[in-house]
């Protein structure tokens with residue numbers, strides 16, 4: 001696609017108001033756009049200019065809340081597997097993914113059991129250690145030890161269909177099992193489902209309100225909505241055994257960037273389901289932006305972080321030349337997927353991007 005075909009960044013409020021007008025012009029220009037966009041139009045060595053153009057993230061869906069538990073002993077929760085009857089105040093909760101663990105900790109619930117991600121430290125290290133004390137390890141995410149789960153005599157299990165849909169019948173035979181459709185996007189709605197299952201909707205509303213106020217403070221620290229809207233950001237993840245990822249609007253971290261008024265660059269318009277694109281070492285210029293945050297899953301060598309960040313393409317990116325690349329904790333920025341993680345990320349965004 002030609003550079004002139006990409007809209008330039010405008011302040012966040014202006015971007016929202018412009019959508020209606022943009023939809024009309026887009027309909028008129030569709031045939032021209034299809035003709036102008038080649039499969040690799042801006043992916044060459046000189047393509048970093050187009051990657052610095054801002055992509056306008058679509059509005060995030062509003063979070064919907066169930067009514068707080070009635071206090072009759074149990075209530076029904078809408079899940080990816082239909083309505084599930086759960087206790088109003090479950091006491092022995094087992095969580096089978098990082099998002100569910102973050103949700104429980106955010107809401108003041110200490111699970112009796114949890115799966116771990118594939119990290120040496122066990123549970124994710126951004127979570128307060130004293131709040132993890134006593135939680136039993138019931139296996140790896142996506143492969144829980146069902147005997148260990150059952151031995152804990154849970155009265156509620158939290159997970160997602162994408163992780164454990166094939167084990168649903170076995171899990172629900174152990175305890176009422178609340179599954180969201182997926183993990184990650186839409187993580188805010190997943191949190192509301194977790195809160196409903198845990199009987200913690202009032203606490204959840206407070207957590208969401210505190211996060212939203214925090215995001216506004218970060219925007220103000222960036223110089224306000226207009227200044228934030230002029231700042232392009234990308235999040236890069238080096239992954240052992242896979243190509244490098246650049247995250248889009250519908251990724252967990254992409255939604256947090258959108259909440260402070262920055263967002264991913266135009267290159268992620270083609271992100272798979274809005275989540276991410278994968279780029280090889282020879283395409284790293286696509287990740288360029290005003291500021292680039294990067295992490296690694298696996299060692300720096302095995303994830304190719306060392307090789308790529310030591311290479312000419314990376315070193316020639318605008319963000320690198322301007323000293324605006326920041327290495328961040330993969331567990332916090334990518335794996336956590338919840339409000340406890342998000343608040344810590346907001347603090348780091350303010351520290352790195354805020355006006356000094």
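Under 9 Å by Cβ, and 6 or more places apart or on different chains, what pairs join a residue from the range 160-187 that is free of Cβ contacts under 8 Å to residues at least 40 places away in the same chain with one that is in a loop (DSSP other than H, G, I, E, B) and surrounded by fewer than 15 Cβ atoms within 10 Å (Cβ to Cβ)?
174/153
With 229, 263, 223 as the choices, which residue is at pLDDT below 95 and over 21 Å from residue 331 (Cα atoms)?
After applying the criteria, what remains is 229.
Okay, residues lined up against (1) in the same structural domain as residue 103 (by TED's automatic domain parsing); (2) assigned to a strand (DSSP E or B); (3) under 19 Å from the mean Cα position of the chain (by Cα); (4) over 21 Å from residue 239 (Cβ atoms):
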position: 257; (1), (2), (3), (4): no, no, yes, no
position: 284; (1), (2), (3), (4): no, no, no, no
position: 296; (1), (2), (3), (4): no, yes, yes, no
position: 301; (1), (2), (3), (4): no, no, no, no
position: 308; (1), (2), (3), (4): no, no, no, no
position: 320; (1), (2), (3), (4): no, no, no, no
position: 331; (1), (2), (3), (4): no, no, yes, no
position: 342; (1), (2), (3), (4): no, no, yes, yes
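Give just the number: which of (1) assigned by TED's automatic domain parsing to the domain that holds residue 309; (2) in contact with a strand residue (DSSP E or B) (Cβ under 8 Å, 6 or more places away or on another chain); (3) under 21 Å from residue 60 (Cβ atoms) does residue 242 not satisfy?
(3)
Conditions (1) within 18 Å of residue 125 (Cα to Cα); (2) assigned by TED's automatic domain parsing to the domain that holds residue 190; (3) in contact with a strand residue (DSSP E or B) (Cβ under 7 Å, 6 or more places away or on another chain), marked per residue:
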| site | (1), (2), (3) |
| --- | --- |
| 247 | no, no, yes |
| 274 | no, no, no |
| 292 | no, no, yes |
| 312 | no, no, no |
| 323 | no, no, no |
| 338 | yes, no, no |
| 350 | no, no, no |
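So if I check each of 268, 292, 236, which one is under 27 Å from residue 61 (Cβ atoms) and at pLDDT 95 or above?
Going through 268, 292, 236 in turn, the sole match is 236.
The values are calculated or read from the model by the stated rules, or taken from the named source; none is laboratory data. Note that the coordinates shown come from a computational prediction; the quantities given were computed from them, not determined experimentally. Here Cβ is always computed from backbone atoms with ideal geometry, including for glycine, and neighbour counts include all displayed protein chains.
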